[in-house]
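Trainee: Handing you a structure now.
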Amino acid sequence: MARRLRIEQERQARMTRILEATEQLFIEKGYHDTSINDIAEAADFSRTSIYQYFSSKEEIYIHILEQYTDLLAERVAKASAAAVTVPEKIRIFLGEMRQVMKEKPNFFKLYFIQRHQVEPRLSPELRTQLNAKRRMLENVFRDFYRRGVEAGEVRAIRPKDASNLFFAQITGMMLLHEYYGEEFDVTLDEHLNQSLQMYLEFVEDGKRQAPWS
């Protein structure tokens, strides 16, 4: 038992080393220009050794994103659980997103900036795996929005639509600042505050509309 545990711990340590080395390469060189040979050299492994733990560069990318999405989903679920109303939960949700992005800036760059380079290369299995993590985070939002509709706290639109509108508005603003931030006369935080306020005004208006069909 002790030997099996030690072997598993060593395996996990090696995988972590590969993931950390690869993440840094993706940030410095970009996904497209990073090769398995680069990863092996950075992690101090042979090319063959890398393939003992991951089948491809795409699989390594997915594992990196999974670590971040798991962290964000866990923090959002925990922080929003104590809130009473849905508008409070939405504020907390965005607050946790912003905090994780500040603490883990690589997450934003890998998920939102480089993902378009990776997505076409993913196998159906890896694409399903990545989308499952995305839905896990979205479902946290949709679940409490659904309960808010039932309680008459927010506009009676489908939770799926409420979630899509929220993420499109927030992540869209983040991307605008990533590409065109120098053109704005306000900070990203100020724009996110404005976006959140506009979103809350929308979902808190028209609460008596009929529920979705």
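Taken together, the values in this text are just the output of simple stated rules run on the coordinates, not laboratory data. Here the structure is a predicted model, which means the values were calculated and not measured. Cβ coordinates were reconstructed from backbone atoms using ideal geometry, including for glycine residues, and neighbour counts include every protein chain displayed.
Trainee: Excluding residues fewer than 8 places away in the same chain, name every one of the lysines whose C-alpha is closer than 20 Å to that of LYS160.
Mentor: LYS89, LYS133, LYS207
Trainee: Would you mind calculating the relative contact order of segment 1-79 from Cα pairs under 8 angstrom and at least 6 residues apart, reporting the percent as a whole number?
Mentor: Averaging sequence separation for qualifying contacts and normalising by length gives 27 percent for segment 1-79.
Trainee: For segment 169-185, what does the Karplus curve 6.51 cos²θ - 1.76 cosθ + 1.60, with θ = phi - 60°, yield as ³J(HN,Hα) per residue in whole Hz, taken in order and with x for Gly and Pro?
Mentor: Once rounded to whole Hz, the list reads 5, 6, 5, x, 5, 4, 5, 4, 6, 5, 8, 10, x, 5, 7, 8, 9.
Trainee: Normalised by the residues of segment 56-204, what does the relative contact order come to in percent, with Cα pairs under 8 Å and at least six apart?
Mentor: 26
Trainee: Among rounded, prolate and oblate, which fits segment 88-213 when a ≥ b ≥ c are the square roots of the eigenvalues of its C-alpha gyration tensor, a/c under 1.5 means rounded, and a/b larger than b/c means prolate?
Mentor: oblate
Trainee: Additional query: State the label only: which of (i) 11.3; (ii) 15.2; (iii) 12.0 corresponds to mean projected area of the Cα convex hull in nm² computed from the shown model?
Mentor: (ii)
Trainee: On to the next question. What net charge is computed for the residues neighbouring THR187, neighbours being all others with C-beta under 14 Å from the C-beta of THR187, Lys and Arg scored +1, Asp and Glu -1?
Mentor: Net local charge, THR187 excluded: -4.
Trainee: Quick check: net charge around ARG127, other residues with Cβ under 13 Å of its Cβ, Lys/Arg +1 and Asp/Glu -1?
Mentor: Overall, the nearby charge balance is +1.
Trainee: Just to confirm my numbers, what's the Cα centroid distance between segment 146-168 and segment 7-69 in Å?
Mentor: Computed from Cα coordinates, the inter-centre distance equals 38 Å.
Trainee: Rounded, prolate or oblate for segment 1-54? Axes are the square roots of the Cα gyration tensor eigenvalues, ordered a ≥ b ≥ c, and the cut-off for rounded is a/c under 1.5.
Mentor: Because a/c hits 1.5 or more and a/b exceeds b/c, segment 1-54 counts as prolate.
Trainee: Continuing with this model, one more query. If we count trypsin sites (Lys or Arg not before Pro) as exposed when they sit in a DSSP loop and have at most 16 other beta carbons within 10 Å, what is the longest stretch of the chain that avoids them all?
Mentor: 1-206
Trainee: Within 12 Å, Cβ to Cβ, of VAL100, how many net charges do the neighbouring residues add up to if Lys/Arg are +1 and Asp/Glu are -1?
Mentor: Residues close to VAL100 contribute a combined charge of 0.
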